[in-house]
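The values are calculated or read from the model by the stated rules, or taken from the named source; none is laboratory data. Since this is a predicted model, take the numbers as computed values, not measurements. Glycine also receives a Cβ, built like all others from the backbone with ideal geometry; neighbour counts cover every protein chain displayed.
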Amino acid sequence: MSARPIATTRSAAGISTPKLAVWWLIVSEIVIFGGLLGGYIMYRLAHQDWAEQAAHTNTWIGAFNTLVLLTSSLSAVLAHKAAAEGNGPKAAKLLWLTILGAVTFLCVKAFEWTTEISLGYTVSSNGFWSFYYTAAGLHAAHVIAGAIAMAIVAIDAAKYQELHRVEICGIYWHFVDLVWIFLFPLLYIAK
């Protein structure tokens with residue numbers, strides 16, 4: 001039996017150090033996304049022509065990606081349940097399923113962006129597209145980071161190692177999904 005680092009065994013205010021760390025990370029991310037989305041809303045209200053530009057986003061693609069992310073959140077929850085029951089290999093399989101959702105989301109986003117750019121809607125087209133690519137791009141970067149973290153955790157979970165990390169990844173993944181729940185209506189529906 002290997003000794004675990006003290007950072008993973010102690011707690012503050014009854015919360016484990018890793019869980020506290022991920023919550024601090026999420027709070028800092030809320031500040032970043034909150035500022036970006038707040039700025040977007042303020043500019044959107046001041047620029048009526050943005051509705052005309054937003055009409056060029058593909059609502060069906062955005063809705064499909066919403067479904068993909070919500071489904072991937074379900075597999076993350078089931079992975080946490082499996083890890084809590086001590087079933088590392090099942091947790092790992094469910095994390096890989098969650099990663100598949102992340103990859104699907106990114107492939108759909110790449111197709112969408114390729115289409116939009118080919119139609120002339122680039123980051124330098126106007127303010128709306130600048131915000132659109134910045135917000136969606138920042139979110140996509142978080143999807144990539146979450147998928148990488150889940151892959152590392154899945155490899156360990158398959159060996160029954162560090163099963164507590166499955167929950168930590170899940171918390172982060174739910175935050176990534178929640179951000180999309182705000183982005184989807186702002187970028188795709190509010191036209």
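A few points about this structure:
- Of the residues making up region 126-171, those that are hydroxyl-bearing (Ser, Thr, Tyr) and either touching a residue at least 40 places away in the same chain (Cβ under 8 Å) or not in a helix (DSSP H, G or I) (or both) number 3.
- All told, PHE105 meets the bar of being in contact (Cβ under 8 Å) with a residue 24 or more places away in the chain, crowded, with 21+ Cβ neighbours inside 10 Å and assigned to a helix (DSSP H, G or I).
- So PRO5, is it modelled with pLDDT of 95 or more and of a type outside the set (A, V, I, L, M, F, W, C): no
- The set of residues in region 108-141 being β-branched (Val, Ile, Thr) and surrounded by 15 or more Cβ atoms within 10 Å (Cβ to Cβ) consists of VAL108 alone.
- Verdict on TRP24 being closer than 20 Å to ALA147 by Cα and at pLDDT below 95: yes
- Residue count for region 19-39, restricted to those that are more than 19 Å from the chain's Cα centre (by Cα) and aromatic (Phe, Trp, Tyr): 0
- So LEU187, is it touching a residue at least 40 places away in the same chain (Cβ under 8 Å), closer than 24 Å to THR59 by Cβ, in contact with a helix residue (DSSP H, G or I) (Cβ under 6 Å, 6 or more places away or on another chain) and in a helix (DSSP H, G or I): yes
- When the residues of region 19-72 are filtered to those that are of a type in the set (Ser, Thr, Tyr) and in a helix (DSSP H, G or I), the one that is surrounded by the most Cβ atoms within 10 Å (Cβ to Cβ) is SER72.
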